Structure formats: structure tokens, C-alpha cells
Amino acid sequence: MDILGIKFLGVSGETGRKLLITLILIVVVLVLRGVIGWLLRHLREGVADKGGNERARFWGRQGVSLAALVVLVAGLVSIWFDNPGRLASAAGLITAGIAVALQRVITSFAAYLIILRGRVFTVGDRITMGGVRGDVVSLGFMQTTVMEMGEPPGEQADPPASWVAARQYTGRIVRVTNDKIFDSPVYNYTRSFPYLWEEIHIPIRYGDDYEEVERILLDVARKHTSELEQKAAASLDELRHTLFLPDTVSVSPRVYVTLTDNWIALALRFIAPQRGVRPLKDAMSRDIWSGMQAAKIGLASGTYEIVGVPPLRVDVTTDDARSPLKQ
């Protein structure tokens, strides 16, 4: 191929034509993708359900991105490999190179397809994956973006370290490669059963009326979780149609009593939503403490009382005659 008298090595008129067509194809696909994305954003603005609106936008973007990728790949193959024999040879070389150099990339993209097809999680789900806990805010071909949340005190030792002692946002945005689904479990808080079983532990002294404390705990739990209990029971019945769950699984509040060498430990088990657990436990703890104060029952603690002191005798002797003790 000659341009201004300069001959480019290995570039013919046919190759230049294919390069031009390739550039046009890329530009057209990108422009169409942008236009369709713009239309999807504006068509969904009138939707009243904000959560449904966001999910529709996400899936619309995902569909447009996948369609653009398929069209682009099909167009490039059609332009550059019109000869089937050449296509087979090039495909073999490309496949071998990709298998060696892009293992993690291929694995991440395969994981992306499994996430979509296997309904592992989607945008808006609360998950734990690859040691990261939080809400999925974006899902890409290679990475999942998570708004990180903290953990209750009992789980603070789990990596990564967090300064928020509850399942609330820390403010950090974390990106996790999709291939983590092959290496570690994925915990989904919201996919099939959007509720959690929570517990509040109350230690009381021996001699106090533990049955009265049990009544207070159950009354408070029913006051704050009665509506949640009905919704969770319906969701649990639906889950039994797809998964095997024993009949002993219950969403009703219950108190368990444990005897220790220091106090009587009462554990209140109740159902809670996947989000908003901390405010719920805060309100319940306040009501429990008010009820215990009204019943004149206190909390047991690991304090110790000294009930007796052995006699103490001090004997001071000296050989110095000038000592003030002998004057």
C-alpha cells in the first residue's frame, strides 16, 4: 500500500479497507450503545418504584453491553476472516494465547455469566464474597462493586478489619473480581430469604426471677417483630417449595436459658429484616431495660466483692541506737 510515495510493509489496499471498515464498525456500535443507554435511562424516569427503576436500568445496561459485544465480535470476525481456513488457524492461535495470558480474565468473565445464569446474586443484594461484606452496587464483566458494611462485635475478628460494629455502611467502595465465586463461598443475605435470625443476650443474677425476664423479652420481641414474623413466615413457606427445610424452623420469638457459674444467661432469638437490624435491636434493648427496671431486676456482671481481709501485722526492728523508733 502506497501513501504519498511511501510503501507500508505488509499493508495492502485490502488490509487498509478492512481497517477502515473496522473503525467504522467500532464507532457505530459505540454510538448505538450510547443512544440505547440514554433512551433506557429516560424511559425509566417515570417509574414510581425507585428500587425497580434501578434494577431495570441495571439489567438494561447489561443487555445493551452484551449485545454490543456480540455484534462487535461477529462484525470483526466477518471483516477479517472471510476465509474459513484462515479463521480456524487464527482461532487456534488466539485461543492458545488467551489460555496462557488471560486465565484470570476468562475465569472472571465465565463467573459473570454464571452469576447471571445461576442467580447467585444481583445488584441490590447484600452478600459476602471474597472476604468483602456489603451491598452489590454494580456488576461488570470482570468485577463486582460492593458498598462495604461492618460486622457485629462477635465477628470483628473476621478479615478485613472494620471499625463499624454493626451491619451498616463503612463508606468504602470495594471491587471484587468475579472469579472469587470459584474460590470462596458466596453468602447472600437477600436472595431467597430476605430475613435474619438475631439474638439478644441478657445475663441476670441467681435469685432473680428469670421467668419474669423471659416474659419481658418475649413481650418486647412480639411488639417489634409481629409484622415481620408474618411476612417471614410467608417467605419461609415459599422457600420450602424449592428447598428442603425441616418443620422445626420457626420465625416466632423464643427465649433460651443457659446456666453458667456466674449468672443465668437468657438468649432472645427473633426474626429481623436483612437491613435495619441495628435500629431494631436498639429499640428492643431500650424497652427490655425499661421493663427490667420496672421489675427491679438488674443485669449480672463480672464484678467481685471482697467479703473479708486477713489480719495484717507489721514488725519493724533495727540495731541503730539513734533510730527514731528507739527514742
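A few points about this structure:
- As a rough footprinting exposure proxy, the listed residues SER285, SER108 were ranked by other beta carbons within 10 Å of their own, and the order from fewest upward is SER285, SER108.
- Gyration tensor (alpha-carbon) shape descriptor, the range 195-294, a/c threshold 1.5: prolate
- Cβ-derived FRET efficiency at R0 30 Å, ALA67 paired with LEU19, nearest 0.05: 0.80
- Sorting the segments 63-73, 190-200 by their residues' average number of neighbouring beta-carbon atoms within 10 angstrom, most packed first, yields 190-200, 63-73.
- Amide H contacts of LEU196 (H built 1.01 Å from N, under 5 Å, at least 5 apart or other chain): ALA272, GLN274
- GLU148 sits among other residues whose Cβ lies under 12 Å from its own Cβ, and their net charge, with Lys and Arg +1 and Asp and Glu -1, is +3.
- Peptides 171-179, 275-283 ordered by average Cβ neighbours within 10 Å, highest first: 171-179, 275-283
Read-outs throughout are calculated quantities, based only on the coordinates presented, and are distinct from any laboratory measurement. In this text the structure is predicted, and so the values were computed from the model without any measurement. No Cβ is skipped: glycine too gets one built from the backbone with ideal geometry, and neighbour counts run over all protein chains shown.
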